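Q: Okay, here's the structure, questions in a sec.
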Amino acid sequence: IWATLLWLPDLLLPIDRGHAPSDLVNLVLVDVVAFVFGQHIEAERLAHARVQEAISERLNVEAGYRQLFEANRAPTLVLDSSGGITGANPAARALFGDHVVGASASALIAVGGPLQGSSGQVVALGDGRDYRVGMVALPAGSAATHQLILDDVTEERNARRRATRYAALVVAAEEDQRRRLARELHDEPLQLFLHLARRLEQLEATTGAPGLGEARAQALQAGGGGAGAHRP
């Protein structure tokens, strides 16, 4: 545009005073070259802007991930393909020590089998607490391959143990109650028969009425039979 505007006075000169045809050809060539190079430069500028935007977005995502990683209260370890620890958040460093980076995760966390298949297992660590292991695969192309998260489940397991112990105590109390009721159902009729036998014995001794001895024997036999019937 600027070339056209600056060239315009020469194009308006009379033929005898200028070179309008050759100037017009030159102007067209200049405009074509300027347009082609301008499009190329604009495309490069847009591509560079897109790259810068992508880089900025990736840096923002990484910054957000790093912030979450550092602020996570669950001990979190970053592992490479061989199981070596390449990163640890503050909670993990507080649990395993400041020199945890570079150590082997399998040496610190004893699970039944390879770490990659240990998700969901519960392990007891050196601080005396129980942790559930979580393994997350990281995107391909990075040196780190997995992220290991240790979720503290000590209180959950203690609550489960308390519930199990409480249920066992309830069952034991119910069994004890049933045994006590069975003894009462057995002992009360027996006491009544024994009391009846003693009364019959006293009456026989004081009145000498015939048949009281036989009635007393039948009462004792009934009491023994009742005790035998309730004993099972």
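The values are calculated or read from the model by the stated rules, or taken from the named source; none is laboratory data. Every value quoted in this text rests on a predicted model; they were computed, and no experiment measured them. Virtual Cβ from ideal backbone geometry, glycine too; neighbours counted across all protein chains shown. Note: areas computed on protein heavy atoms with side chains; ligands, DNA, RNA excluded. Shrake-Rupley method; radii C 1.70, N 1.55, O 1.52, S 1.80 Å.
Q: Scan L125, L148 and give me the residue that is within 16 Å of L79 (Cβ to Cβ), modelled with pLDDT of 80 or more and open to solvent by less than 90 Å² (accessible area, probe 1.4 Å).
A: L148
Q: Moving on. Could you count how many residues in segment 91-105 are surrounded by 15 or more Cβ atoms within 10 Å (Cβ to Cβ) and more than 17 Å from the chain's Cα centre (by Cα)?
A: 7
Q: Here's another thing I want to ask about it. Select from segment 92-118 the residues that are outside any helix (DSSP H, G or I) and within 15 Å of L79 (Cα to Cα) and list them in ascending order.
A: Of everything in segment 92-118, those that are outside any helix (DSSP H, G or I) and within 15 Å of L79 (Cα to Cα) turn out to be H99, V100, V101, G102, A103, S104, I109, P114, S118.
Q: Looking at segment 128-145 only, could you name the residues that are open to solvent by 80 Å² or more (accessible area, probe 1.4 Å) and in contact with a strand residue (DSSP E or B) (Cβ under 9 Å, 6 or more places away or on another chain)?
A: Listed by number, the list holds a single entry, A143.
Q: Any residue in segment 82-111 that is more than 19 Å from V122 (Cα to Cα) sitting within a Cβ distance under 8 Å of a residue that is open to solvent by 50 Å² or more (accessible area, probe 1.4 Å) and of a type in the set (K, R)? List the pairs, counting only those 6 or more apart or interchain.
A: Qualifying pairs under 8 Å: V100/R93.
Q: Mind telling me which of the residues I15, I55 ends up being at pLDDT 85 or above and not hydroxyl-bearing (S, T, Y)?
A: Result of the check over I15, I55: I55.
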